[in-house]
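To start, the structure under review is shown below, and the notes come after it.
The values are calculated or read from the model by the stated rules, or taken from the named source; none is laboratory data. Everything quoted here is computed from the prediction, not taken from an experiment. Heads up, the Cβs are rebuilt from the backbone with ideal geometry, glycines too, and the neighbour counts pull from every protein chain shown.
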Amino acid sequence: MPTRDQVHNFAAGPSPLPTTCLEEAALGLLNYEDTGMGVCELSHRGKEFKAVIEGAEADLRSLLQVPDNYTILFSQGGGTGQFSAVVLNLLAAHRLAHPVPAEEFKPPVLDYVLTGSWSSKAYAEAQRLCTPPFPNCPAFGQPRIAASTKSTSWTRLPTRDEYNFSKDAAYVYYCENETINGIEFPPKPEDQSAFPFDLVPEGVEIVADYSSSFISRPIPNFSRHAIIYAGAQKNLGPSGVTVLIVRNDLLVDTTEASKLGCIPPVPITYEYKILADNKSLYNTPPTFPIYVSALVLQHLIKNKGGLEGLENTNKEKARILYETLENAEKKGKVKLVVRDSSARSWMNVTFNIEGEGEEKKFLEGAEKRGYRQLKGHRSVGGIRASIYNAVTIESVKLLCDYINEFCN
Ligand code: PMP
């Protein structure tokens, strides 16, 4: 039976968490700060949990330098829940901003940038939610593809001339890091595949799914975003909590919007305003994932050099792994999935092992050495090494040594 130290976990999510945080959480699970009660046994409205959630919010705000005009919310339903919540809340906000009589209502365009499975799923959900509720009724919105790389199997990002944004969309939606194929928008505007913020018409809101790259490096053009969201289970904490960062003017009363008609009903736990008004405690939140996330945030700030430290380490981890794979590629042993190096994810490194039966051999050898969960997503196969915040540079170096050994 291996110990934790003997295993190097490259899971795509849920993914590894810092051992010291888990040790502390294990103690907290039994007896939280000498209360004689475990953290999961405390009221979410008591002073102890209030301190936990408020601490997490403050730490996240300082780590990411979230501007004052944004609210941080802890919600449930995962990234998938946000595929729905984004549509519902932003259609309501748009309706309140355009309170024309129902007879004059025109469904707003919702622009989606499709770069992989997750943005495609978000788009499919927008289409589902916008469907007219009965015949001869207008749709609630018109989801539209503003760019797509589906024809090249999601292995690249759109070029600038492939984007085609609508002038008056209610919002533009993109996924910053596509976890399955390992495609990520590079952070610098001068990078050829950077997200083209400058092409999005002024006044059109921007929504970003940061589920698999959250707090791995700074968020470019933060204040151009309306909503940034992320499931916790890659870089932040256990699954079960979803972090939302919502610009304050978009915390709208969806019940008021419903009175104008022409928007889909919004389940109350998905309304951003109700979450904000109740400081993420409208109903019982996932207290344990929030607690562990709070411990992780403290750890990242105190021991990992904050966002700058994380950025430097993550950049270096990605650099050495891609360099190793490029060398292995020259030897004809592997093939990187993403060909444009500027679109390669810092978090999910995807490649194929060339040759009949070689992938199986690679995975078996990895398993023997304690390198776990390297198998690619079931929809695409191949190998995927996810190197989120809690994966150390030592683990990445060991994986590189193994790749070199395998290729020689
Ligand atoms: N977006 C991205 C980028 C993801 O990687 C995932 C899950 N891996 C999701 C959304 C969906 O998240 P969840 O499973 O928490 O609903």
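Rundown of residues vs (1) out of contact with any Phe, Trp or Tyr (no Cβ under 7 Å at 6 or more places or on another chain); (2) in contact (Cβ under 8 Å) with a residue 24 or more places away in the chain; (3) under 18 Å from Gly203 (Cβ atoms); (4) not polar (S, T, N, Q), yes/no style:
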position: Ala102; (1), (2), (3), (4): yes, yes, no, yes
position: Lys106; (1), (2), (3), (4): yes, yes, yes, yes
position: Phe140; (1), (2), (3), (4): yes, yes, no, yes
position: Ile145; (1), (2), (3), (4): no, yes, no, yes
position: Glu162; (1), (2), (3), (4): yes, no, no, yes
position: Phe165; (1), (2), (3), (4): yes, yes, yes, yes
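Can you tell me which residue within the stretch 215-244, out of those that are within 16 Å of the ligand (Cβ to nearest atom) and hydroxyl-bearing (Ser, Thr, Tyr), is farthest from the chain's Cα centre (by Cα)? Across the stretch 215-244, the extreme among qualifying residues is Ser239.
Among residues belonging to the stretch 6-31 that are without any contact (Cβ under 8 Å) to a residue 60 or more places away in the chain and within 19 Å of His299 (Cα to Cα), point out the one that is surrounded by the fewest Cβ atoms within 10 Å (Cβ to Cβ). Show your work before the answer.
Taking the stretch 6-31 first, the residues without any contact (Cβ under 8 Å) to a residue 60 or more places away in the chain are 19, 23, 26-27, 30-31.
Filter once more, so that each one left must be within 19 Å of His299 (Cα to Cα): 19, 23, 26-27.
Values: Thr19: 11, Glu23: 12, Ala26: 9, Leu27: 12.
Only one residue fits best here, namely Ala26.
Say whether the condition of being crowded, with 24+ Cβ neighbours inside 10 Å and within 16 Å of the ligand (Cβ to nearest atom) is met by at least one residue in the stretch 245-259. Yes, the stretch 245-259 contains a residue that is crowded, with 24+ Cβ neighbours inside 10 Å and within 16 Å of the ligand (Cβ to nearest atom). Evaluation of Asn89 against the conditions (1) within 20 Å of Leu251 (Cα to Cα); (2) at pLDDT below 95; (3) of a type outside the set (Gly, Ala, Ser) shows that the sole unmet condition is (2).
Based on what the data block shows, is Ile215 under 30 Å from Glu23 (Cβ atoms) and touching a residue at least 24 places away in the same chain (Cβ under 8 Å)? Criteria met by Ile215.
Residue under question is Val66, and the condition is that it be away from the ligand (no atom under 16 Å from the Cβ), surrounded by fewer than 17 Cβ atoms within 10 Å (Cβ to Cβ) and not in a helix (DSSP H, G or I); does it hold? Spelling it out, it is not the case that Val66 is away from the ligand (no atom under 16 Å from the Cβ), surrounded by fewer than 17 Cβ atoms within 10 Å (Cβ to Cβ) and not in a helix (DSSP H, G or I).
When Thr350 is tested against (1) over 20 Å from the mean Cα position of the chain (by Cα); (2) closer than 24 Å to Asp191 by Cβ, just one condition goes unmet, and that condition is (1). Screening Ile180 against (1) more than 16 Å from the ligand (Cβ to nearest atom); (2) buried (at least 16 other Cβ atoms within 10 Å of the Cβ); (3) of a type outside the set (Asp, Glu) leaves a single unmet condition, (1). Considering each residue of the stretch 380-408, count those that are buried (at least 21 other Cβ atoms within 10 Å of the Cβ) and part of a helix (DSSP H, G or I), and give that number. Adding up the residues that qualify gives 3. Here Glu103 clears all of (1) part of a helix (DSSP H, G or I); (2) at pLDDT 95 or above except the condition numbered (2).
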